[in-house]
Amino acid sequence: MLFLSVSRTVLFCTLGLCLYPVAHADRWCADNTSRDVVYRRLGTKTPYRHIQNKDVRNIATVDGCTLSKIWGLFRHGTRNPSESIINHMHGTLIGLQRDIVEHGRMCRDNIAQFEAWKPQVTVADAKLLVREGGTELFRLGERFRKRFAGQLADSYDADRFYFKYTRTERAEYSARNFTLGLFGQEETIDYPEPLDRDPVLRFYKGCDKWRNVVKENPYAYQEVDRFASSSEMRNVVEKLSKRIGTFVSPEEIHAMYQTCAFETAWNERESSPWCLLFDKETLSVLEYSQDLKYYWVDGYGYDLTYRQSCAAFRDLFERFDSATAPPFTFYFTHSGTLLKSLAFLGLYRDSEPLVAQHYRYKRKWRVSHIDAFASNLYFAMYSCPNGTQSVGLYHQERLTPIPGCPEDTMLCSYEHFKKLYDDRIEQCDFDAMCSAPFVPTSPKDELL
């Protein structure tokens, strides 16, 4: 490693990367056409407006069957970053902003956008729902009203509707905005008392074994760490270091990527200058790093992760089988619930586990598409003329085939659907599953 103290940005060599004076290098120029590259590659911070289904044709009747019940999970809308990212905005990125303005190898128009940038949030605003997040849920509610017109009442009735949110500001106001769009007016909703560890809406908060074996286990992140050391990630570090004019670490790159994502999600009319640093390849690499993380921590990496979702789906069957429960159930929750539920259902499962060396492989598990802000997963039960019940699964407002159901029909018979999950629901002993002691004897014990 060689350091020359003439200037941190004049010459810095490390890990084979050397940065030279701006006067001797081509400049990186990002233009408005780059925005389309950015919008759909922002991981779980992707704004819902870029994946929403704007088709509002009526689906209250499908194949002659009429809607009778709905059970759904809805992720909160766009929010502010966590405290750690906000601290990076006020610290790390201020320093990088100065490097870009003084030494960046970018077009003058791009640098001018960095000159005008300043953090828009403080730590006191961490994780709060923003206006765009409220709009996402409001419009989602409006589209529900149009699609299921004739079967959903125009006003709130506690005997017909059940709404619940977790004990977080972002989930609560997502629910309130959704109902405003759904009913077209403000209604007095009888919301139940929210819980910190809701056994249906946020079941994993009560699963100590999952937290110890997966979420807080460094071994669970080994593929993310391997990818961080890959040639693809080294290329990202090299590209961005050259554009900024000084060496940047993977942690700093993550802060820039997250800031790009949040500032993009906040406002559809403005773009974040931090997005200007990324081209399609660098975004794809950063997106894959996110996919690896959520695959191993919230998806298919460990069977306990998605098996615990049985707590939520037991509620689905109880409500669909009940003659007295409100027929329309809407739960407002978080990314962790949506991803684990997708895996429980077998959706977006690739033929092989996601690993660092499979970056170039085509994959189904892409959190930018399956777990954006305001993501939704809901089941609609339909009553058919022959006296049977059928079920349709909608993800991101699109009718989605249910794994294990016949592929040649739009709806799956409820009897067949229920049999698919009989064993898992019957054997769903959440306390035993999540509280049993676990002492791994080898790395293999912790996988799959």
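Below, the figures for the structure above:
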read-out	value
Relative contact order (%) - criterion: Cα under 8 Å, at least six apart; region: the chain	26 percent
With Cα atoms, 0 to 90° folded angle of helix 310-321 axis to the chain main axis	30 degrees
Rounded to 10°, Cα long-axis angle of helix 231-244 versus longest principal axis of the chain	60 degrees
Among (1) 80, 55, 42; (2) 79, 45, 36; (3) 94, 56, 42, the entry derived from the coordinates for Cα extents along the principal axes in Å	(1)
The range 105-230 - accessible surface per residue (Å², probe 1.4 Å)	50 Å²
Potential lengthening between N53 and A126 on full extension [0.36 nm per residue; Cα-Cα distance subtracted]	23.4 nm
Length-normalised contact order of the range 277-369 in % [C-alpha pairs under 8 Å, at least 6 apart]	39 percent
Under the Karplus curve 6.51 cos²θ - 1.76 cosθ + 1.60, θ = phi - 60°, whole-Hz ³J(HN,Hα) for the range 282-293, x wherever Gly or Pro sits	5, 5, 5, 5, 5, 5, 5, 4, 5, 4, 4, 4
Assigned charges on the beta-carbon of Lys, Arg, Asp, Glu; the chain dipole about Cα centre (debye)	860 debye
For M106, residues with placed amide H under 5 Å, excluding near neighbours	W28
Relative packing of peptides 127-137, 46-56, 333-343 - highest average C-beta neighbours within 10 Å first	333-343, 127-137, 46-56
Listed residue pairs exceeding 29 Å between alpha carbons, taken from K205/K239; K45/K242; K54/K419; K146/K205; K45/K205	K205/K239; K54/K419; K146/K205
Relative packing of peptides 98-107, 230-239 - highest average C-beta neighbours within 10 Å first	98-107, 230-239
Bridge type composition, the chain - antiparallel percent by DSSP, nearest 5	70 percent
J(HN,Hα) series, the range 404-418, from Karplus relation 6.51 cos²θ - 1.76 cosθ + 1.60, nearest Hz, glycine and proline x	x, 8, x, 7, 9, 10, 6, 10, 10, 4, 4, 4, 5, 4, 5
Summed side-chain charge close to D125 - residues other than D125 whose Cβ falls under 13 Å, Lys, Arg +1, Asp, Glu -1	+2
Neighbour net charge for S351 - beta-carbon separation under 10 angstrom, K R +1, D E -1	+1
Accessible solvent surface per residue of the range 258-375, calculated while the other protein chains remain in place, 1.4 angstrom probe, Å²	30 Å²
Summed residue charge, Cβ within 10 Å of S309's Cβ, Lys/Arg positive, Asp/Glu negative	+4
Part-to-part distance (alpha-carbon centres) for the range 130-174 and the range 250-320, which is given in Å	23 Å
Heavy-atom accessible surface of the chain: percent carbon and sulfur, 1.4 Å	48 percent
Rounded to the nearest 20 debye, dipole of the range 283-367 from Cβ charges on Lys, Arg, Asp, Glu	260 debye
Crossing angle, helix 169-183 versus the chain [Cα axis fit, 0-90 degrees, rounded to tens]	50 degrees
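The values are calculated or read from the model by the stated rules, or taken from the named source; none is laboratory data. The structure displayed is predicted, hence computed values, not measured ones. So basically every Cβ, Gly included, is an ideal-geometry build from the backbone, and we count neighbours across all protein chains shown. We work out accessible area using only protein heavy atoms, side chains counted, and drop any ligands, DNA or RNA first. Shrake-Rupley method; radii C 1.70, N 1.55, O 1.52, S 1.80 Å.
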